[in-house]
Each structure stands twice: as C-alpha cells, then as structure tokens.
Amino acid sequence: MGSFLRAVGLLAIVAILITVGYLLWQHQVGTDKEQGRTADIRQPLPQAISSSATQPSISATAPSVTPFPQIKPGIKLALLIDDMGRTTGQVDRLKALKIPISIAVIPGLAQDRSVAELAHRSGIQVLIHLPMEALPGAYERLEGNGLKLAYHDQEIVTRLTGYRARIPQAVGANNHMGSAFTQSPEKMKTVLTFLKNNQLFFIDSVTSPRTVAFATARSLAVPTARRDVFLDNVQQDRQIRSQMLQAIRIAEKKGSALVIAHPHSQTFASLERIVPELVSRGVTFVTAGSLTHN
C-alpha cells in the first residue's frame, strides 16, 4: 500500500509541474506576441511609389554623400516630373526648389485639374502626360482613357481633345508608357498632328529603343526633344545622384540634358539636396520646353 501511495503522490507532483510549466509557456507566448506587435508599430512603413509630397523632407537624416566632381560651367539641365495629378502637395514641394521646372500631368487622375492649375499659377511649366499602350508584359496598367494601337484615328483625336480640355494650361506633351504606341509611325503621326494644330510641343520619353516619336515629330516640324536620363528608376539617394551625374556629363558634351523623374518621396528628398548643390556649382536649370526644336 505504501508503494502505491508513493506512486500516486509522484504522479500528482509530475502533473502539477506539467501544469505550471504549461501556464508559464502560455504567458511567455503572449508576451512575445505583444512585443512583436510593438516592434511592428515602431518600424517605419515602406514609402509608397507615389506618396503625397506633403510628407516632411528627410534631408536632415540623409546619409553623408560625396559632392559632385568638377562640373563644366554653363551647362543646362531640364527637369521634368512625370505622373503628376494625384495631389497638389507635390506641386508645393517642387515649387520650393526655386528653379525652372516642368511637370507632366496624367489626365483623369484624382486631382489633375487642381495640380495643373496650381502649377501654372506657381510658374511651373505644365505638360499633358499622354497615356499610351505599352508592349505586352509591361508591368504598368494602361489607364482606361489611354491611347491604344487598335483605335481609329478619330478615337485617338477624340481622346486627345478630352486631355486638352482637362489640362488647358499645358504647353506641351510627352508619353506615359507607350513602348508599343511610340513604335508606330502612323499612330504617332495622328498624335503629333493634333499637337501641332494645338501649338503644343512634344517630348519623347524614350520608353522603347525602337521609338519613332522623336523622328516623326521632326518630320512634321513639331517642336520636340527627347529624354536623356531617367533619374529615379532605383529609389536610392546614391543611385539618384549617380543618374544626375550621368545627366551632367551628357550636358557637358552637348550643352544640355533632359532629365525625367517621378513624384516619389525619395526623389523629392534627393532633389532637395542635389538642386541647391548644382545651382551653387553654376548649373542652370531650364524648362523642358526650352530644349525643344523643330
């Protein structure tokens, strides 16, 4: 009997130890989960591709960078910001750069009219960012009011007329996407003839190495220019500075360069550091339209 009672007592002790261990484990799991939630909250959220420019500048926390090397005096840079039309805050941030600058507004975006009007009143040059069909497999989705290769000329003209009505402040246009559309001489002739009849210049964004947009514009005597550098395909300050240096070197060879950027938070922050430095080094910023010619 004594052995039996000792066995029962031992089992009871083991059961108690197991229960206590389980309760302690549950408490630790709950603590870990709570700590995990706190850590998630404290971590900075990733920046949106086209976030509001009303966010504060991050210039004060920027990593140290190497100044641009020697720059040939007298060069000109045109800075064109694509994909505008989502928020007027982005215009305010560009205006604060205090340089001649151009923006391209996508017709049909939430605040396209307000952005174009504010930019115009702020002395910023306004373009229509013409949404055009891309090649199959392109990662960007064409807006519902975009220009497709399958459209007849009258449909294209009707849509262009609508773009012009939404953004009457525009003095020029450039292509948004369009790696397929800008390869068609016939379709580009329709677009460029409309632009010429409305006294608008054209900037070829060069989204395809096979674009005929620039050459077709020249053949029709439409004032035109072509993009030299995309500034911010990689959203890192170091890469943006590297691309700007490339634009500077191009400008040193031919006198000017046309740079296209986008309204990303990182782009704005980088420009807020880069532009004053370049101005102090003698670089002249001009509008995109000033680089066009027949």
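The table below lists the values:
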{"item": "Residue tally, condition in contact (Cβ under 8 Å) with a residue 60 or more places away in the chain and farther than 30 Å from Lys196 by Cα, over the range 245-266", "result": "6"}
{"item": "Matching residues in the range 130-148 - criterion: being over 18 Å from Gln183 (Cβ atoms), under 18 Å from the mean Cα position of the chain (by Cα) and open to solvent by less than 70 Å² (accessible area, probe 1.4 Å)", "result": "Glu143"}
{"item": "Residue check for Ser184: over 18 Å from Arg86 (Cα atoms), hydroxyl-bearing (Ser, Thr, Tyr) and touching a residue at least 24 places away in the same chain (Cβ under 8 Å)", "result": "yes"}
{"item": "Failed item, numbered, when Pro136 is tested on (1) in a loop (DSSP other than H, G, I, E, B); (2) closer than 30 Å to Ala269 by Cβ", "result": "(2)"}
{"item": "Looking only at the range 60-84, and only at residues there that are over 23 Å from the mean Cα position of the chain (by Cα) and closer than 17 Å to Gly255 by Cα, the one that is modelled with the lowest pLDDT", "result": "Pro73"}
{"item": "Hey, Gly282 at pLDDT 95 or above and at positive phi or not", "result": "yes"}
{"item": "Test for Phe285: is it open to solvent by less than 40 Å² (accessible area, probe 1.4 Å), assigned to a strand (DSSP E or B) and over 26 Å from Met132 (Cα atoms)", "result": "yes"}
{"item": "Candidates Leu127, Leu109, filtered to the one that is open to solvent by less than 50 Å² (accessible area, probe 1.4 Å), modelled with pLDDT of 95 or more and outside any strand (DSSP E or B)", "result": "Leu109"}
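The values are calculated or read from the model by the stated rules, or taken from the named source; none is laboratory data. Every value quoted in this text rests on a predicted model; they were computed, and no experiment measured them. We place every Cβ from the backbone using ideal geometry, glycine too, and count neighbours over all the protein chains shown. These accessible areas exclude ligands, DNA and RNA; they are computed on the full protein's heavy atoms, side chains included. Shrake-Rupley method; radii C 1.70, N 1.55, O 1.52, S 1.80 Å.
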